[in-house]
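Q: Below you will find the structure I want to go over with you.
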Amino acid sequence: MPLYEFECAAHGVFEEQRSIGQASEPADCPECEAKARRILSAPNLACMPRSQVIARDRNEKSRHEPRVAQRSQLAQQPQKPIVTHGRPWAIEH
């Protein structure tokens, strides 16, 4: 039986095994028994390259806990000079 992920508004993501015919139906949260909607998730593939696993984990973490940049961190980054070639008012192809 396939394993599906559901997201409760109060308690977050949980998994549940169910038949394909029941895949679109909401599931009961195991903690509060409220109806939770199914969310789409990436398949659990063990053969993914390590760089993709790190990127996927970083994206998932930032979904719930976005990183906040401080002004001092922004000031330390080098600024790239704006280079214009020819006529800056013209759109060239």
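Q: Quick one: if you stick a label point 7 Å off each Cα along the C-beta vector at S62 and L3, how many nm between them?
A: Calculated label separation equals 2.7 nm.
Q: I would also like to ask the following. Report the per residue volume, in Å³, of the convex hull enclosing the C-alpha atoms of the stretch 3-67.
A: Working: hull volume 6.2 nm³, N = 65.
Convex hull of Cα atoms, per residue: 96 Å³.
Every read-out reported here was derived from the displayed coordinates using simple, explicitly stated rules and does not represent laboratory data. In this text, all values refer to a predicted model and were calculated from it rather than measured experimentally. Methodologically, a virtual Cβ is constructed for each residue, glycine included, from the backbone with ideal geometry; neighbour enumeration extends over all protein chains shown.
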